[in-house]
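Let me begin by presenting the structure, written as structure tokens, before commenting on it.
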Amino acid sequence: MNNSQKDSHIETLSSVTGIEIKIIKQLTFETQSEPKRLKREFVPTLLNREILEDFSFPTEKTVELPGLSFKLSSNEDGYEIIPKLRKELEAKNYRIFLTSDIAEDIHEVVNLSILSSSNDFEPLVYFQTNGINYGITTQILIDELRNLDQHLELKILGVGNDWCEFKITKEPENWSSIVKKIFKLCPDIADRYNYLERDFQNILENTRKLYLWFD
């Protein structure tokens, strides 16, 4: 696209998402990537053995969200950009974070994504992040994260339908009790990777990142 076409494209994206043109151009510059509509994988979440035939689902495999995404070369690129822009964007009620999708050749594509959001947990609502195999709905997950937030002051780093990642910006008074709560919330941490509580505590202290995933 030429410059005129790019400007027109950005204006259209701003109109349909409500994201300021200035912000879109800023993220285009930071990522060196063209903006596209933010999408999430459509995964129906059913409780209590509900019968699939009783529900009408979208025919597409993805659902468009009122946000944008910009392709990155790696997660590390996003980890550099997010803290640089976080304060400025938070002041305007935006949140930026990593997302991922699968390309046609089955490799994972990492994106820096943006949504209009007044807090760091609202993106989980858009993505319907859950651990439904453990009975953890999106609302339960957010409630548990808000509890942890009181001790850790969490800032969103990434989100998907079955995972989320946050930056830990506050040192808790009692790491041990925090780790116990996290293990209870996300059993896969211990079950899949065989982490002991002390090992996981060391990871949290060293990386200052909380990554939760649910198989």
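Each value in this text was obtained by applying a stated rule to the coordinates, not by laboratory testing. Everything numeric here is computed off the predicted structure, so don't read it as measured data. Cβ sites come from the backbone with ideal geometry, for glycine too, and all protein chains shown count toward neighbours.
Normalised by the residues of segment 119-215, what does the relative contact order come to in percent, with Cα pairs under 8 Å and at least six apart?
That works out to 28 percent.
When a footprinting reagent is the concern and you count Cβ atoms within 10 Å, what order do Thr31, Thr99, Thr169 take, fewest first?
With the fewest neighbours first, Thr31, Thr99, Thr169 line up as Thr169, Thr31, Thr99.
Within segment 64-91, find all residues whose amide N lies under 11 Å from a label point positioned 7 Å from the Cα of Glu20 along Cα-to-beta-carbon.
88-91
Which one of Leu157, Leu112, Leu145 has the biggest mean-square fluctuation once the chain is modelled by GNM with Cα springs under 10 Å?
Checking each option, the largest mean-square fluctuation is seen for Leu145.
As an exercise, use a Förster radius of 22 Å and the Cβ-Cβ distance of Gln32 and Tyr79 to find the FRET efficiency, rounded to the nearest 0.05.
The value I calculate is 0.85.
Picking from Asn130, Asn161, Asn75, which is most flexible by a Gaussian network model of the chain using Cα springs under 10 Å?
Answer for the Gaussian network model of the chain: Asn75.
Let's test the formula: R0 of 25 Å, r as the Cβ-Cβ distance of Thr12 and Val109. What FRET efficiency results, to the nearest 0.05?
Efficiency, from the Cβ-Cβ distance: 0.65.
Mean-square fluctuation check for the chain, GNM, Cα pairs under 10 Å: which of Gly160, Gly18, Gly67 is largest?
Gly18
Using Cβ contacts closer than 10 Å as the measure, can you line up Glu88, Glu153 from fewest to most?
Glu88, Glu153
Please give the calculated 222 nm ellipticity per residue for the chain, where each DSSP H segment of at least 4 residues contributes -39500 (n - 2.57) and the sum is spread over every residue; nearest 500 deg cm²/dmol?
-13000 deg cm²/dmol
For Glu88 and Asn194, compute 0.36 nm times the residue count separating them, minus their Cα-Cα distance, and round to one decimal in nm.
Length gained, Glu88 through Asn194: 34.2 nm.
Past the 28 Å Cα-Cα mark, which pairs from Lys25/Lys170; Lys87/Lys180; Lys84/Lys181; Lys155/Lys184; Lys22/Lys71?
Listed pairs above 28 Å: Lys25/Lys170; Lys87/Lys180; Lys84/Lys181.
Give me P(r) over the chain, computed from all C-alpha to C-alpha distances, binned every 5 Å, as integer percentages.
1, 6, 14, 17, 18, 16, 12, 8, 5, 2, 1, 0
Just in segment 61-100: which trypsin sites (Lys or Arg not before Pro) are loop by DSSP and have at most 12 other Cβ atoms within 10 Å?
Answer in residue order: Lys61, Lys92.
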